Amino acid sequence: CDSCGAYYNQIELKNPISLISGKTPALKKTTHWYFKFGEFQSFLEQYIESNADAWKDNVLQQTRSWLKQGLSNRAITRDLKWGVHLDEIEGMDKEKTKDRVLYVWFDAVLGYISETKKNFGDSDEWRDWWQSEDTEYYAFIGKDNIVFHTLIFPAMLHGRSDGDNPYILPKNVPAHEFLNLESKKFSKSRNWSIDLKDFVEAHPEPDKIDALRYSLAMNFPETRDADFTWKDYQARNNNELASILGNFVNRLMTFLHKNFDGKVPVLSDKYIPLLDYWNTGKKGDLEPNDKAVIDALKSGVEKVSENYEKFRFRDAITESMNIARAANKYFNDEEPWKSIKADENQAAKTMFVCCQLVRSLSIVFAPIIPYSAAYIQSLLGEEITIGDDTLLTDIWSSAALALVNQGQEVRQPQIIFGRIEDDFVEAEKAKLGEKNNQVEEEKVEEKVKEITFD
């Protein structure tokens, strides 16, 4: 059931009708092979509750409902002609197994392991992925596949393990609910979907691609079904990415080129305690605005990290944007356009702090808007670390530190996030469903010769 996630046997359905033939299905006696699922009840109860503090509520609720009902043995075969045939398995009775195949969700999860083995050929390296204590296994899935990954597959892994080489079990199963599009379910056949390839070809600009990633992530169906709309895409881009993050970076770079020869300012001796507090936690005489923004950054990065580790992407991005809000507030409260005339050292200190904040923002936003985050790093004259999978250094843990060099040259700023206008929104909405209508018209005009199933 799409609404509550319950599973029903076909014979429990009222007035069932075949979509293919239009007839009422008939019951026939048959033989199936079963997985002794019920024998894993106590093991699975212990496994699930040991992860209760880390797993999402919707995953726990659906999984616990199965355990509460009591696990029973499950048929792992089907009467079909296509699939993995039982009569091809050594030692199976050819007559009994005729036209019997493995149930797809029994052998599909095993494909995770067999694909790993295939990649390593004759090597035993696949064991590092599935039998090493140092490996963490996460299953990212939709809500309709929760129990297969929290109960059935873990039971299979546990049942197949031996003392010397036990299989690892999922550390977390961050399953999500369903995402709708403009208040309707996604449907390729009805052309009610966003084809990423088409979108990127039509809008190759990095800021538009990042804005799509950002707006999708902010509407992530983490705990309940969510709705993506092009109007929300516009609002997220204009009111958050452009007005908060992009505006802060642009104001800073413009000010640096106008007043500091396009370089990161050098701190006067008076403000060295600020840097000590920032990077080492050493107490010192700090101005209120400086301490407030450094503390906001440190606590913000910690919250972002915690939320990502718990797969709360929306909360992680919200906390990232809160750091950008704190940076804008700091810029406004410091009023560098005034201090540059009255006390150049103070203005330099303000700009130095802002440069450090920009670097931090480029790191915490990298998982969601990688193109823009890399561009922001380049504006600072920093080495672009985003997207470089060869790096061995831990960039993320340095996000709360002040590591931009004094005197470093910065680039001339350009608009990072262009505004999304209403005509863009209307054009994207107009694409929905149009192909389907064209196809239907073509079907009416052209008589297609039908083919047989064979």
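What to note about this one:
- Residue within the range 19-33 that is out of contact with any helix residue (DSSP H, G or I) (no Cβ under 9 Å at 6 or more places or on another chain) and outside any loop (DSSP other than H, G, I, E, B) present: no
- Selection count where residues are open to solvent by less than 30 Å² (accessible area, probe 1.4 Å) and in a loop (DSSP other than H, G, I, E, B), scope the range 52-84: 5
- Positions within the range 115-160 being in contact (Cβ under 8 Å) with a residue 12 or more places away in the chain, farther than 21 Å from A54 by Cβ and not aromatic (F, W, Y), in sequence order: T116, R127, Q131, D144, M156, G159
- Among the conditions (1) in a helix (DSSP H, G or I); (2) hydrophobic (A, V, I, L, M, F, W, C); (3) surrounded by fewer than 17 Cβ atoms within 10 Å (Cβ to Cβ); (4) in contact (Cβ under 8 Å) with a residue 60 or more places away in the chain, V266 misses just one, which is (1).
- Set V101, V109: member being crowded, with 16+ Cβ neighbours inside 10 Å and more than 20 Å from K143 (Cα to Cα): V101
- Within the set I415, I363, I368, I451, the sole residue that is open to solvent by 80 Å² or more (accessible area, probe 1.4 Å), of a type in the set (V, I, T) and at pLDDT 85 or above turns out to be I415.
- The range 85-130, residues that are touching a helix residue (DSSP H, G or I) at 6+ places or on another chain (Cβ under 8 Å), over 21 Å from Y167 (Cβ atoms) and not in a loop (DSSP other than H, G, I, E, B): R100, V101
- Residues in the range 42-51 that are open to solvent by less than 50 Å² (accessible area, probe 1.4 Å) and in contact with a helix residue (DSSP H, G or I) (Cβ under 7 Å, 6 or more places away or on another chain): F43, L44, Y47, I48.
- For Y277, the conditions (1) without any contact (Cβ under 8 Å) to a residue 24 or more places away in the chain; (2) surrounded by 14 or more Cβ atoms within 10 Å (Cβ to Cβ); (3) out of contact with any Gly (no Cβ under 6 Å at 6 or more places or on another chain) are fulfilled apart from (3).
- Whether a residue is over 17 Å from R251 (Cβ atoms) and modelled with pLDDT of 95 or more was assessed, and I384 does not pass this test.
- Annotation note: of K143, K171, the sole residue that is in contact with an Asp or Glu (Cβ under 8 Å, 6 or more places away or on another chain) and within 19 Å of Q46 (Cβ to Cβ) is K171.
- Selection of first residues in the range 21-33 that are more than 21 Å from F453 (Cβ to Cβ) and of second residues that are at pLDDT below 90 and open to solvent by less than 80 Å² (accessible area, probe 1.4 Å), restricted to Cβ pairs under 7 Å at least 6 apart or on distinct chains, gives the following pairs, ordered by first then second residue: T24/P16.
- Residue pairs whose Cβ atoms lie under 8 Å apart, separated by 6 or more positions or on different chains, with the first residue in the range 86-102 and at positive phi and the second assigned to a strand (DSSP E or B), are D99/D79.
- Given (1) open to solvent by 20 Å² or more (accessible area, probe 1.4 Å); (2) modelled with pLDDT under 95; (3) not hydroxyl-bearing (S, T, Y), number of the condition P221 does not satisfy: (1)
- When every residue of the range 170-182 is checked against the conditions, at least one turns out to be modelled with pLDDT of 90 or more, among the basic types (K, R) and surrounded by 13 or more Cβ atoms within 10 Å (Cβ to Cβ).
- Considering residues of the range 280-315 that are closer than 26 Å to P174 by Cβ, without any contact (Cβ under 8 Å) to a residue 40 or more places away in the chain and not acidic (D, E) only, the residue least open to solvent (accessible area, probe 1.4 Å): N307
- Screening G159 against (1) under 19 Å from F417 (Cα atoms); (2) open to solvent by 40 Å² or more (accessible area, probe 1.4 Å) leaves a single unmet condition, (1).
- Scanning the range 328-346 for residues that are farther than 20 Å from L297 by Cα and either open to solvent by 70 Å² or more (accessible area, probe 1.4 Å) or among the aliphatic types (A, V, I, L, M) (or both) yields a count of 7.
The values are calculated or read from the model by the stated rules, or taken from the named source; none is laboratory data. The structure displayed is predicted, hence computed values, not measured ones. Cβ atoms come from the backbone with ideal geometry, glycine included; neighbour counts cover every protein chain shown. Note: accessible area is taken over every heavy atom of the protein model, side chains too, but ligands, DNA and RNA are not part of it. Shrake-Rupley method; radii C 1.70, N 1.55, O 1.52, S 1.80 Å.
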